[in-house]
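> Let me begin by handing over the structure; questions about it come next.
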Amino acid sequence: MTHTKVRIPVTGMTCAACQSRVQSTLQKQPGVEDAAVNLMMGNATITYDPAETSPERLVEAVRETGYGAELAAPDLSAFDEQEARDRAQTEEFLDLRRKAIVSGIAGVIAMALSMPLMADAANQAHGPTADPFMRWTMTSLTPWLQSVAPWLYGIPAQALSYGLLLLTAAVMLWAGRHFYTRAWTAFRHHAADMNTLIAVGTGAAFLYSLLATLRPGFFVSRGIPPDVYYEAVIIIIALILAGNALESRAKKQTAAALRGLASLRPKTARVLRDGAEVDVPVESVQHDETIVLRPGERVPVDGEVLSGESAVDESMLTGESLAVAKKTGDRMIGGTVNLTGSVRYRATTLGADSVLAQIVKLMRDAQGSRAPIQRLADRISGIFVPVVISIAIVTFVAWFVTADTAPAVRAFAAAVAVLIIACPCAMGLAVPTAVMVSTGKGAEMGVLIKGGEALQRAGDLTVIAMDKTGTVTEGKPTVTDMVLAPGGPVQDETRLLHLVASLEGSSEHPLADAVVRYAESRGIARAGVESFSTVTGKGLSGVVDGVRVAAGNEAMVSDAGADASSLRSDADRLSAEAKTAVYVAADGKLAGLLAIADPIRSTSRDAIARLQRLGLDVVLLTGDNEKTASAIAREAGISRVVAGVLPKGKVEEIKRLQSEGQVVAMVGDGINDAPALAQADIGMAIGTGTDIAAEAADVVLMRGDLGSVVQAVRLSRRTMRTMKQNLFWAFIYNVIGIPIAAGALYPVLGLLLSPILASLAMAFSSVSVVTNSLRLRGFRAAG
């Protein structure tokens, strides 16, 4: 079965309950393998079987839940998508801020108009108020207002009530309208969310006040004072909008890293056309066109240097703080900054295939993914709102039955407080905000983490297995020794090097590159190769100048019919010196031996020691022989070595470690590492390696040294702590807040919570969660 993945923008989601409902609906659709809905990104990522369903049907399924959905434009790039999201977030923040300010002003006016009504109510038989907000209002605010605006207390109470009615209705219809329309939409689809709680809470307070305004005799005849709660409705809406505005601004900051990457793309490029330098939009640059780049300019597209030398700042993409020297033949990455010299280079990869576009796409996908720990919040969010409504009903009944004075008023206030203080938003934001900030921080350091699951899993690692060449070592080996086989078919080093370099010229292996470079440095020309083939983990073979040549390990030349025993002692000696011995056979006979040394990276030993200090076991997995591998391992500080293994052997070793209960990460850079990267719990590919390795990996290390592995593990552990803190505070807030709002403290302390104070707490619960996630931006990788 072939599955396809599609990402659908979803609008109208405001809390974890919304997210849970959309996700649950999508997961129940026929042909859907998996669906992940992200409240922060406002989208759904769906893996489905195209034989059973289609993107159009999935869009329709989302719409049937009451939320907006439409397929993204097929030609929308990751940059365009980010710019559109930025515009939408800015508009949302400005709209919420405007409504919050106006509602706040209306709330102050409503509070002032309500003071005379409250003074009248205080004279009724309610007994001393248990609400701290109301107590403060009556003891502190009323005397002050009476002194500065005595005329206010001369206005008839009925006139004040009608004035408040009009003001409240205006605020509800303008600033709070979306709460009621979304709640109604959810109701029509037999669901409930955060908007339901706000709409029911404020709506009940408004209807109660409306009845008390229009029919006060109804209450008086039953011994209940006709109190109104208009000011509470307005202030609750204002505070929730203020919290939403702060939350919106904080959420926008969580995507700062992604926004920063997207902004690296220059708008124009200077190309050489018909012998003249012309500035053109970067989208119109063609393959193989020559780009002219001056000092201080940002590199517009990826390419390869044709002429000139310079130093380039690649820190925004790789985290490498030192400038990287560039010369003819070197790779240029779009979005980096040319620092010192002028260069001309050839455009190679453009548009969506460029390195920057790939990184932005990878980050966007990662930030839209979900961490497994989110499932706990999802399960609770799915039942949260119905449970809160049930608690509010029980609260009302309990107060109505047991209260000694004004039971209806107290029961009503407590039930409204329960509805308003409950906040499913914080649970919905707890994990995705941490994922967004963390993956963005990782990208700043040159550590690209492909999603929430990889982020969480990296924190559980117990073993780090790593390849040798290009991972622990520089990956730029050089030929150090040549030994001719006694009585062999080749009696001249130049001839031997000509044969081997001609053969290796068809390979992209780092060792092959070393042989070719060595031959070029000695001015030895290469010949064409026929019947070229490679044997993974052993070596390669082909026909050069009519001679059947095989080069590789002992098994490779043995397969070619050669006996390697005469050079085995030389190979052992060279291996003990941490050099890789490459046997060469010509026409089925042993011809000689080349020794290639690949020094370990300057950062490897320190990075491995830091991994070990984090409590991780480090294992060297290599296809190289035991002696060479052990010599490299000793130099790098690694005590466990598994040498002489083919790609299949690396996979089996990782399986063996996993069967012991270990959580294993594999770090590698080559094609031969791809199976092991895929088998490991976390695959980490050195970004300077092959595309296949990066494709198979969960984490791409752009800087190409093992220090990035330490950063990835530490960042993951810190992120998991943040996620757990967020979930704890989101849960504990509701666990403590709801009983207090219901009046649990009244029997002991005589304390009741005003719906206004409840709305204040609700507004800032989400903000506190997002703010805690934003602390990850200050993560420091040292240690």
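> Residue by residue through region 176-195, note down the ones that are in a helix (DSSP H, G or I), within 12 Å of CYS18 (Cα to Cα) and of a type outside the set (A, V, I, L, M, F, W, C).
Scanning region 176-195 gives ARG182, THR185, ASN195.
> Also, I was wondering about something else. Out of the helices (runs of 4 or more DSSP H) lying entirely within region 209-307, which hold 1 or more residues that are of a type in the set (A, V, I, L, M) and surrounded by 16 or more Cβ atoms within 10 Å (Cβ to Cβ)?
Working: elements: 216-220, 230-254, 256-262.
Output list reads 230-254, 256-262.
Per-residue answers, yes or no, for (1) among the aromatic types (Phe, Trp, Tyr); (2) open to solvent by 50 Å² or more (accessible area, probe 1.4 Å); (3) at pLDDT 85 or above:
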{"position": "VAL148", "(1), (2), (3)": "no, yes, no"}
{"position": "LEU152", "(1), (2), (3)": "no, no, no"}
{"position": "TYR162", "(1), (2), (3)": "yes, yes, yes"}
{"position": "THR168", "(1), (2), (3)": "no, no, yes"}
{"position": "ALA175", "(1), (2), (3)": "no, no, yes"}
{"position": "THR181", "(1), (2), (3)": "no, yes, yes"}
{"position": "THR185", "(1), (2), (3)": "no, no, no"}
{"position": "ARG188", "(1), (2), (3)": "no, yes, no"}
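> Restricting the first residue to region 183-194 and requiring it to be under 20 Å from GLU60 (Cα atoms) and in contact (Cβ under 8 Å) with a residue 12 or more places away in the chain, which pairs with a second residue that is outside any helix (DSSP H, G or I) and open to solvent by 20 Å² or more (accessible area, probe 1.4 Å) meet a Cβ separation below 7 Å and a spacing of at least six or different chains?
From residues that are under 20 Å from GLU60 (Cα atoms) and in contact (Cβ under 8 Å) with a residue 12 or more places away in the chain, the pairs are THR185/GLY66; ALA186/GLY66; ALA186/ALA192; ARG188/GLY66; HIS189/GLY66.
> Here is a further query. If we scan region 406-419, do we find a residue that is out of contact with any Phe, Trp or Tyr (no Cβ under 8 Å at 6 or more places or on another chain), open to solvent by less than 10 Å² (accessible area, probe 1.4 Å) and closer than 24 Å to ALA250 by Cβ?
For region 406-419, residues out of contact with any Phe, Trp or Tyr (no Cβ under 8 Å at 6 or more places or on another chain), open to solvent by less than 10 Å² (accessible area, probe 1.4 Å) and closer than 24 Å to ALA250 by Cβ: absent.
> List the number of the failed condition for ASP563; all other conditions in (1) in a helix (DSSP H, G or I); (2) touching a strand residue (DSSP E or B) at 6+ places or on another chain (Cβ under 7 Å); (3) free of Cβ contacts under 8 Å to residues at least 60 places away in the same chain; (4) of a type outside the set (A, V, I, L, M, F, W, C) hold.
(1)
> Residue check: is ALA665 among the small types (Gly, Ala, Ser), open to solvent by less than 30 Å² (accessible area, probe 1.4 Å), in contact (Cβ under 8 Å) with a residue 60 or more places away in the chain and not in a strand (DSSP E or B)?
The answer is no for ALA665.
> So which of MET482, MET436 is surrounded by fewer than 24 Cβ atoms within 10 Å (Cβ to Cβ) and of a type in the set (A, V, I, L, M)? Please lay out each step first, then the result.
On the way: MET436 fails: surrounded by fewer than 24 Cβ atoms within 10 Å (Cβ to Cβ).
Criteria check complete, one pass: MET482.
> Next question, about the same structure. Looking at ILE608, ILE632, which is the one that is closer than 18 Å to VAL713 by Cα and touching a strand residue (DSSP E or B) at 6+ places or on another chain (Cβ under 9 Å)? Explain how you work it out, then say what you get.
Numbers: ILE632 fails: closer than 18 Å to VAL713 by Cα.
The match here is ILE608.
> Residue by residue through region 153-175, note down the ones that are closer than 27 Å to THR65 by Cβ, in contact (Cβ under 8 Å) with a residue 24 or more places away in the chain and in a helix (DSSP H, G or I).
Of everything in region 153-175, those that are closer than 27 Å to THR65 by Cβ, in contact (Cβ under 8 Å) with a residue 24 or more places away in the chain and in a helix (DSSP H, G or I) turn out to be MET172, TRP174.
> Here's another thing I want to ask about it. Just to be sure before I move on: is SER766 open to solvent by less than 20 Å² (accessible area, probe 1.4 Å), among the hydroxyl-bearing types (Ser, Thr, Tyr) and touching a Cys at 6+ places or on another chain (Cβ under 7 Å) in the structure I sent?
Criteria met by SER766.
> Let me ask you something else. Out of (1) surrounded by fewer than 18 Cβ atoms within 10 Å (Cβ to Cβ); (2) under 19 Å from MET684 (Cα atoms), the odd one out for GLY637 is which?
(2)
The values are calculated or read from the model by the stated rules, or taken from the named source; none is laboratory data. The model shown is predicted, which means the values in this text are computed figures rather than measured ones. A quick note on method: Cβ atoms are made from the backbone with ideal geometry, for glycine too, and the neighbour counts reach across all protein chains shown. Ligands, DNA and RNA are excluded from the accessible area calculation, which covers all protein heavy atoms including side chains. Shrake-Rupley method; radii C 1.70, N 1.55, O 1.52, S 1.80 Å.
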